[in-house]
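Contents: one structure, followed by commentary.
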Amino acid sequence: PLLRGAADTTMSFFDSFDVDALKKTAASALNKLAGSEIERKVAEATCNKPWGASTTMLQEIAQLTFDYTQFQEIMACTWRRINESGKNWRVVYKALSLLDYLVRNGSERVIDDARDHVYQIRTLNDFQFTEPGTGVDHGINVREKSRQLCELLNDDAKIKAEREKAKKNRGKFQGVSSEESGFGGNKYGGFSSDDYQRGGNGSGGG
């Protein structure tokens, strides 16, 4: 009887748990350990691998910058990646490339945020990393990219031209004409959140 009572108590103890709730809690904990979806996207786009991020991935991140909360997370992740050490020069280079893409294709907030951090980009003009054993200067890639980005951020007319060019090119690929998506009202021209939604709901050719 004593054992049976203990067993009954144990069963009632476990029965009191909601198994689905436990699974959701466990999944949430794992997601926190792995980082948010946005953190994973930025990490993938700026990974330390010898190949670049896909255009699809870059477009997804650019589209997310039109949501203010997601924009903040994307930029925070990007600046962290830009601050990586010399041995992770690929990460730094890809983070600069991502920022360059977002300036041309993302929300106008990206431009203002990048200008607020231009000193951080400018410090990379002197970025150094030489491959041990081979003497190959990998730092030159980061130095050149940072100089190009600083020049772009210092030129409103060039930013507007580049954003309008990017928008036209995206329209060709997704079947959205420049007339249909329009440039109206934007300080720097280029994309709006409506343009991404319109492109995303289209037939999306090629």
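Just read off the accessible area of L152 with the full protein assembly in place, 1.4 Å probe, to the nearest 10 Å².
0
How large is the accessible surface of M75 in square angstrom, using a 1.4 angstrom probe and rounding to the nearest 10?
10
Ordering E162, E73 from largest to smallest accessible area (1.4 angstrom probe), what's the sequence?
Values: E162 35, E73 60 Å².
Of E162, E73, the descending order of accessible area is E73, E162.
The values are calculated or read from the model by the stated rules, or taken from the named source; none is laboratory data. Computed from a predicted structure; not experimentally measured. With ligands, DNA and RNA removed, areas are computed over all heavy atoms of the protein, side chains included. Shrake-Rupley method; radii C 1.70, N 1.55, O 1.52, S 1.80 Å.
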